1. Say we look at the stretch B:226-248 and pick out the residues that are under 12 Å from A:THR53 (Cβ atoms) and within 7 Å of another protein chain (Cβ to nearest Cβ); which of these is modelled with the lowest pLDDT?
2. With surrounded by 21 or more Cβ atoms within 10 Å (Cβ to Cβ), at pLDDT below 80 and in contact with a Phe, Trp or Tyr (Cβ under 8 Å, 6 or more places away or on another chain) as the only criterion, which of B:LEU151, B:LEU170 stands out?
3. Could you list, in sequence order, the residues of the stretch A:25-52 that are within 14 Å of chain B (Cβ to nearest Cβ) and under 11 Å from the mean Cα position of the chain (by Cα)?
4. Limited to the stretch A:1-50, what total is found for residues that are without any contact (Cβ under 8 Å) to a residue 40 or more places away in the chain, closer than 18 Å to A:LEU106 by Cα and not in a loop (DSSP other than H, G, I, E, B)?
5. Please give the number of the condition A:GLY63 fails out of (1) in contact with a Ser or Thr (Cβ under 9 Å, 6 or more places away or on another chain); (2) at the interface with chain B (Cβ under 7 Å from one of its Cβ atoms); (3) of a type in the set (Gly, Ala, Ser).
6. Looking only at the stretch A:91-100, count how many residues are more than 19 Å from A:ASP7 (Cβ to Cβ) and surrounded by fewer than 16 Cβ atoms within 10 Å (Cβ to Cβ).
7. Can you say whether A:ALA84 is in contact (Cβ under 8 Å) with a residue 24 or more places away in the chain and more than 9 Å from chain B (Cβ to nearest Cβ), as far as the supplied structure shows?
8. Exactly one condition in (1) closer than 28 Å to B:ILE201 by Cβ; (2) buried (at least 16 other Cβ atoms within 10 Å of the Cβ); (3) not basic (Lys, Arg) is false for A:CYS10; which is it?
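The values are calculated or read from the model by the stated rules, or taken from the named source; none is laboratory data. For clarity, every value in this text was computed on a predicted model and none was experimentally measured. Ideal geometry is used to build each Cβ from the backbone, glycine not excepted, and the neighbour counts take in all protein chains shown.
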Amino acid sequence: MVADQLDALCAEFSNCITVAFADLATQMVLVTNSTSRLRREVLNELCVESGLTLGSDEQTRLGHKTVSVAFTASPNQTKVFLRATDEPDDILFCACNPDIDLEAFLPAAQSCLLKISGGAA
Amino acid sequence: MEMNAADLSLLQAKFARLTQLDSSEISPAGRLISAKGLGPRLEAILTEIDDTLLGETLTFHVGAAQIAMTVSGRRLLGFIDASGFAVPDGILGTTLSPEDTELMDATQVLMSSFAGIEGRIYLTVGAPTKIGTGATVGASIAQLRTSWTPLASVEDSDDQTPPNAFLSRLEGKIIAMLHVQDGAVISHVGPDDHVAALSEIHTERFKPFAAARAANVSTHANPSLTCLLGAGPDDTALIIAVRDGGITLLTVAAKDAAKVHQFWREVDQP
């Protein structure tokens, strides 16, 4: 199940607090990990921020093209945004503690998204 | 040859410096260049070039990496060999010309990459290797210092500001950088196409992005670091660090993006 994949990612990385699978086209959060305590409004904001940061065909924001991997760090939080390669509207966003080890986390999160988006979950 | 007082003084200073070298630090790998930090290491290499009057090949080694250059008359004529680290195209075997700004920028990338490698630098000196037609004048120390200084000027000191400490930690990983303070471009380094891309992102894209983020995301705060893998030229990672009215835009290899996050965190929250 998709929720199991998300729970497994959070279990492996204790600094990952919330991970959510969402559809960028509808800006809808579909599934979150079972231990997430974020309010719906915050989840919706993260979904919007995912679209802004990763970019879309209609409005590529920062870079000259849309991207599949991005992160934003601030004093209290690190946020990770991922887009599925084969399904560009399938995204994973993660709200993490500031000290998350991105070198280890990014590949694991990409693998998680691949399993979910590819239908293997 | 008669020497004037200035020549004698110069020679005396050079001999004094040579006698201060610890002979125990001469190894089969060559003479040790005792310097720490990107800036001092680049300055030490410049000093070796400045000390070279007759034509010689200077080869600097750090671990498995090495870089060899032809120097004559206190001028760098060109790089003849480099291995063990990422070497930009079009530099090796090319005679240096300070008017070729693209080439000079590439030497800055080359030298900052080499000097940023952890470990002791050793120098060996050999017979000169002809480069080009042999009729080149190369680059003077002043011209090299101007080209290499933007990264070398970041002091390796406990008193560094967070932005300088952050950049210092990124030794050798930065491909290009554009630093803006209170709306004005303060400095830029790196290949022209990368700097142009960073400039365009700063002037055309960052402000609307930041505004949209501020309007829609209540949880965002500065100082902040934003990284987009593959959004820079040549599929590099685009990094934007914001702090206290300053914006630093960088391109780094995608594989270094996670390290950038680590260094930013360590500087911001030691």
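1. Pass one, the stretch B:226-248, residues under 12 Å from A:THR53 (Cβ atoms): B:226-229, B:231, B:238, B:240.
From the residues that got through so far, the ones that are within 7 Å of another protein chain (Cβ to nearest Cβ) too are B:226-229, B:231, B:238.
On the way: B:THR226: 96, B:CYS227: 96, B:LEU228: 96, B:LEU229: 95, B:ALA231: 92, B:LEU238: 96.
Step by step, filter the stretch B:226-248, then rank; the result is B:ALA231.
2. So the residue among B:LEU151, B:LEU170 that is surrounded by 21 or more Cβ atoms within 10 Å (Cβ to Cβ), at pLDDT below 80 and in contact with a Phe, Trp or Tyr (Cβ under 8 Å, 6 or more places away or on another chain) is B:LEU170.
3. Selection gives A:LEU43, A:LEU46, A:CYS47, A:GLU49, A:SER50, A:GLY51.
4. Count: 4.
5. It fails just one condition, (1).
6. So in the stretch A:91-100, the residues more than 19 Å from A:ASP7 (Cβ to Cβ) come out as A:98-99.
Remaining after also requiring surrounded by fewer than 16 Cβ atoms within 10 Å (Cβ to Cβ): A:99.
Adding up the residues that qualify gives 1.
7. So A:ALA84 fits the description; yes.
8. (1) is the only condition that A:CYS10 fails.
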